[in-house]
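Structure first, commentary second.
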Amino acid sequence: MTLTSDDQSVATTYTTVDPRDGTPIESYPVVDVAGVAAIVERAHEAAAWWAGLGFAGRRRVLGAWKAAIARDAQGLVATISRETGKPEGDALLEVMLTLGHLDWAAKHAEPVLRRRRVKAGLMNYNQHASVGYEPYGVVGVIGPWNYPFYTPMGSISYALAAGNAVVFKPSELTPGTAVWIAGKWAEVCDRPVLQVATGDGGTGRALVAAGVDKVAFTGSTATAKRVMAACAETLTPLVAECGGKDALIVARDADLDAAADFVVFGAMGNAGQTCVGVERVYVEQPVAEALTAKVVERAKRIQAGGESATYGPMTLPSQAQVVSRHVADALEKGGTAVYGGLDSVGDRLVTPIVLADVPEDSDAVCHETFGPTVVINTVASIDEAVERANATDYGLGASVFTRDTHLGEATAARLRSGVVTINSVLGFAAVGALPFGGVKGSGFGRIHGADGLREFSTPKSIARQTRKAALNLLSLERSDRDMHLVAKLLPILHGKG
Ligand code: NAD
């Protein structure tokens with residue numbers, strides 16, 4: 001259907017559905033190139049006003065926004081749950097975690113980003129040196145569907161707190177969540193500092209090309225590569241938060257009950273649709289059998305779908321086929337299904353699958369499965385576990401279970417990932433001060449924490465000359481005397497290794 005509107009150039013609309021039963025939810029515009037351009041233009045104007053508010057003014061508005069969301073959280077919870085199919089309890093936790101980050105970003109923007117004096121050094125005693133952090137202007141945020149509030153808000157909260165305006169292109173599966181939060185923004189601020197452009201990949205492409213000053217992308221590694229290529233056209237900076245294939249290492253001295261709890265939570269929670277979900281377990285041989293039995297015991301208690309669901313259906317319909325392909329490949333290559341198997345994969349609902357002894361070159365070990373499955377492979381040593389954990393193209397999160405603090409920290413240091421948890425999974429997600437992001441195919445740049453605030457800022461250095469230099473070196477008419485002194489000073493200053 002072709003529509004026009006006063007506000008946005010709208011080519012078509014599309015209707016979202018509840019993944020639990022296919023019920024249509026709501027229609028949203030697919031905002032086209034002209035519509036995105038108009039939104040971004042408004043954002044540029046709003047950005048100047050927002051930057052001019054200063055840290056204290058922005059903190060007040062962000063606090064009011066947070067409170068407005070919190071007061072009506074049940075509405076947001078219902079929207080998230082309906083669009084993704086996840087249980088309301090999971091959606092409530094998502095809202096709680098996200099508001100913690102919004103709070104942290106709002107409160108820490110000033111101490112992290114305000115102009116501060118830095119030491120100029122002995123030779124530059126006549127310079128007053130300082131560094132401050134300025135907003136980019138307009139940040140285009142492109143988000144996924146699996147945590148439709150928590151994930152994009154990791155960029156939105158920090159970008160706003162740093163003084164940028166934001167145009168948010170949510171996943172086509174979860175536009176209602178985005179529209180809901182933008183509605184709450186409009187209740188506390190009458191300027192279009194946060195706007196939403198609903199639509200598909202084409203709308204995302206239009207946003208990247210619309211003259212935004214930075215792009216914050218969260219989604220698959222394959223799409224990130226396309227976004228990065230588009231950003232290269234205009235040299236637009238990008239932060240890319242992509243997929244993962246997180247490994248969890250279990251040492252022979254670990255608390256196996258705790259490890260099994262966390263394996264099942266990390267692998268099966270949210271139907272495995274978590275970028276930092278546990279997809280691979282490497283367990284030391286002496287405890288492999290016991291750990292596997294405990295994981296299976298817990299997996300059996302999971303209720304997939306239904307009234308009292310532990311987790312819901314796959315949000316993205318085609319994801320069940322990916323799970324099926326990975327399981328089939330693992331079994332063909334010689335892996336064992338110790339719980340569930342190919343029959344666990346329904347049209348939309350996937351019941352838990354625990355695989356063991358899966359060859360390291362199979363899809364279930366190398367590629368993101370994004371379903372309620374986990375591979376448990378036995379290793380002879382922690383060294384072997386680390387080697388295998390590091391062997392994928394991804395590097396988002398990783399976990400280690402051991403009672404030995406030194407071993408835990410030493411193993412964490414050897415894991416090539418953006419975050420490591422010791423004796424838990426996802427333990428970092430609520431800690432405002434911890435930056436989040438990946439290495440290798442999992443992306444680059446950081447959201448959350450002081451690094452997340454700086455990610456959405458450009459440092460500006462100022463060197464103010466306070467008096468004439470004793471040595472007049474910044475002149476085309478340097479004296480022989482000054483150059484003679486430099487020659488004498490050089491080995492004194494730098495000659496001692
Ligand atoms: P996706 O890559 O299919 O889509 C992500 C977003 O990009 C969507 O909004 C989509 O419309 C948009 N898009 C598609 N093509 C585009 C283009 N050419 N230009 C601009 N935008 C475009 O990912 P998804 O299926 O929505 O999300 C699942 C993926 O996200 C998984 O790989 C998961 O691991 C990852 N993820 C990562 C994090 C993280 O923080 N690292 C968090 C959540 C999800």
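The values are calculated or read from the model by the stated rules, or taken from the named source; none is laboratory data. If you're wondering where the values come from, they're calculated on a predicted model, not measured in any experiment. Virtual Cβ from ideal backbone geometry, glycine too; neighbours counted across all protein chains shown.
What strands (runs of 3 or more DSSP E), lying completely within the range 350-412, carry at least 2 residues that are without any contact (Cβ under 8 Å) to a residue 60 or more places away in the chain?
Once the strands (runs of 3 or more DSSP E) in the range 350-412 are filtered for at least 2 residues that are without any contact (Cβ under 8 Å) to a residue 60 or more places away in the chain, what remains is 353-356.
Do the conditions hold for Ala271, that is, is it buried (at least 16 other Cβ atoms within 10 Å of the Cβ) and part of a loop (DSSP other than H, G, I, E, B)?
When the stated conditions are applied, Ala271 does not pass them.
Exactly one condition in (1) closer than 30 Å to Cys366 by Cα; (2) not assigned by TED's automatic domain parsing to the domain that holds Pro135 is not met by Gly452; state its number.
(2)
Would you confirm, using the coordinates I've provided, whether Leu238 is surrounded by fewer than 23 Cβ atoms within 10 Å (Cβ to Cβ), within 19 Å of the chain's Cα centre (by Cα) and at pLDDT 95 or above?
yes
Return a yes/no flag: does the range 86-93 have any residue that is surrounded by 24 or more Cβ atoms within 10 Å (Cβ to Cβ), within 15 Å of the ligand (Cβ to nearest atom) and under 25 Å from Thr223 (Cα atoms).
Yes; the residues of the range 86-93 include at least one that is surrounded by 24 or more Cβ atoms within 10 Å (Cβ to Cβ), within 15 Å of the ligand (Cβ to nearest atom) and under 25 Å from Thr223 (Cα atoms).
Picking from Pro459, Pro435, which residue would you name as being without any contact (Cβ under 8 Å) to a residue 40 or more places away in the chain and either within 16 Å of the ligand (Cβ to nearest atom) or over 28 Å from Met96 (Cα atoms) (or both)?
Exactly one residue qualifies, and that residue is Pro435.
Determine if the range 42-49 includes at least one residue that is closer than 29 Å to Thr84 by Cα and either assigned to a helix (DSSP H, G or I) or modelled with pLDDT under 95 (or both).
yes
For the range 210-251, what are the residues that are free of Cβ contacts under 8 Å to residues at least 60 places away in the same chain, touching a helix residue (DSSP H, G or I) at 6+ places or on another chain (Cβ under 8 Å) and more than 9 Å from the ligand (Cβ to nearest atom)?
Once the filter is applied, which keeps residues that are free of Cβ contacts under 8 Å to residues at least 60 places away in the same chain, touching a helix residue (DSSP H, G or I) at 6+ places or on another chain (Cβ under 8 Å) and more than 9 Å from the ligand (Cβ to nearest atom), the range 210-251 yields Cys231, Thr236.
Which count do you get for residues in the range 357-379 that are surrounded by fewer than 19 Cβ atoms within 10 Å (Cβ to Cβ) and under 20 Å from Ala288 (Cα atoms)?
Summing the residues that are surrounded by fewer than 19 Cβ atoms within 10 Å (Cβ to Cβ) and under 20 Å from Ala288 (Cα atoms) in the range 357-379 gives 3.
Among the residues of the range 440-456 satisfying the criterion of being within 11 Å of the ligand (Cβ to nearest atom) and not in a strand (DSSP E or B), which is surrounded by the most Cβ atoms within 10 Å (Cβ to Cβ)?
Ser442
What are the residues in the range 67-85 that are crowded, with 22+ Cβ neighbours inside 10 Å and part of a loop (DSSP other than H, G, I, E, B), if any?
Answer for the range 67-85, where residues must be crowded, with 22+ Cβ neighbours inside 10 Å and part of a loop (DSSP other than H, G, I, E, B): just Gly85.
Could you list, in sequence order, the residues of the range 157-175 that are under 25 Å from Thr15 (Cα atoms) and either part of a helix (DSSP H, G or I) or within 14 Å of the ligand (Cβ to nearest atom) (or both)?
Selection gives Val167, Phe168, Lys169, Pro170, Ser171, Glu172, Leu173, Thr174, Pro175.
Does any residue of the range 370-391 turn out to be of a type in the set (Asp, Glu), in the same structural domain as Leu316 (by TED's automatic domain parsing) and within 16 Å of the ligand (Cβ to nearest atom)?
No: zero hits.
Being buried (at least 16 other Cβ atoms within 10 Å of the Cβ) and not hydrophobic (A, V, I, L, M, F, W, C) is the filter here; which residues of the range 334-356 pass it?
If the condition is that a residue be buried (at least 16 other Cβ atoms within 10 Å of the Cβ) and not hydrophobic (A, V, I, L, M, F, W, C), then Gly335, Tyr339, Gly340, Gly341, Ser344, Arg348, Thr351, Pro352 are the ones that fit.
In this structure, does Pro152 turn out to be near the ligand (Cβ under 10 Å from one of its atoms) and either touching a Leu at 6+ places or on another chain (Cβ under 9 Å) or without any contact (Cβ under 8 Å) to a residue 60 or more places away in the chain (or both)?
When the stated conditions are applied, Pro152 does not pass them.
Going residue by residue through the range 116-139, is there one that turns out to be within 16 Å of the ligand (Cβ to nearest atom) and surrounded by 24 or more Cβ atoms within 10 Å (Cβ to Cβ)?
yes
Which residue is nearest to the ligand (Cβ to nearest atom), if the candidates are limited to the range 189-204 and must be in a loop (DSSP other than H, G, I, E, B) and among the aliphatic types (A, V, I, L, M)?
Ala197
Quick check on Ala210: is it assigned by TED's automatic domain parsing to the domain that holds Asp32 and either on the phi > 0 side of the Ramachandran plot or crowded, with 21+ Cβ neighbours inside 10 Å (or both)?
Criteria met by Ala210.
Applying the selection to the range 263-321, what residues are away from the ligand (no atom under 16 Å from the Cβ), at pLDDT below 95 and not hydroxyl-bearing (Ser, Thr, Tyr)?
Listed by number, the residues that qualify are Gly306, Glu307.
Scanning for something of a type outside the set (Asp, Glu), crowded, with 24+ Cβ neighbours inside 10 Å and either under 27 Å from Pro19 (Cβ atoms) or within 14 Å of the ligand (Cβ to nearest atom) (or both), does the range 106-113 turn up at least one residue?
No - not one qualifying residue is present in the range 106-113.
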